[in-house]
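Undergrad: Encoded as structure tokens, here's the structure I'll be asking about.
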Amino acid sequence: MTKCAAPACRNDAPGRHGIFCVDHYFLLPKAYTGLLTRMKIECGRCEDADTKKHLEEQLAAYINVVIGKLPPEARNSQAALDSARRSTNDPAAGAHDQRRLL
Ligand SMILES: [Zn+2]
């Protein structure tokens, strides 16, 4: 199992070609997730080391672009979301939680 590519998401990405967990997958437009899955499969099938490295770099760059398409609340880490629910008037609490996780 690979971890979901969304920042600090604690869920696993399902399947051999999963990049995002189910929650994040469905937050993204189908066009993005479809293309990412294709790129990931292409990457896995590639036998030439140089081409594979190039594909992996492209995939990583595209994952970053797609993360930028997530709604703002889904882009934040799970820890930040949790602490935001606990305390809405202390903005430092989220950052502290995040540091502890790293
Ligand atoms: Zn996720």
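Since every read-out is calculated from the coordinates, none of them should be taken as a lab result. Keep in mind that this is a model prediction, so the values were computed, not measured. As a convention, Cβ positions derive from the backbone with ideal geometry for all residues, glycine included, and neighbour counts pool all protein chains shown.
Undergrad: Calculate the spin-label point distance for Val22 paired with Glu42, positioning each point 7 Å from the Cα along the beta-carbon direction, and give it in nanometres.
TA: 2.9 nm
Undergrad: Please give, to one decimal in nm, the separation of the simple spin-label points placed at Ala60 and Lys30, each 7 Å out from Cα toward the Cβ.
TA: 3.2 nm
Undergrad: Still on this structure, I have one more. Between Lys52 and Asp12, with labels modelled 7 Å along Cα→Cβ, what's the label distance in nm to one decimal, could you check?
TA: 2.3 nm
Undergrad: Something else about it: Which far-off residues, 5 or more places away or on another chain, put their amide H under 5 Å from the one on Thr2, with H placed in the peptide plane?
TA: Ala13
Undergrad: How many percent of the alpha carbon pairs in segment 2-70 exceed a separation of 14 Å?
TA: Tail of the P(r) past 14 Å holds 57 percent of the pairs.
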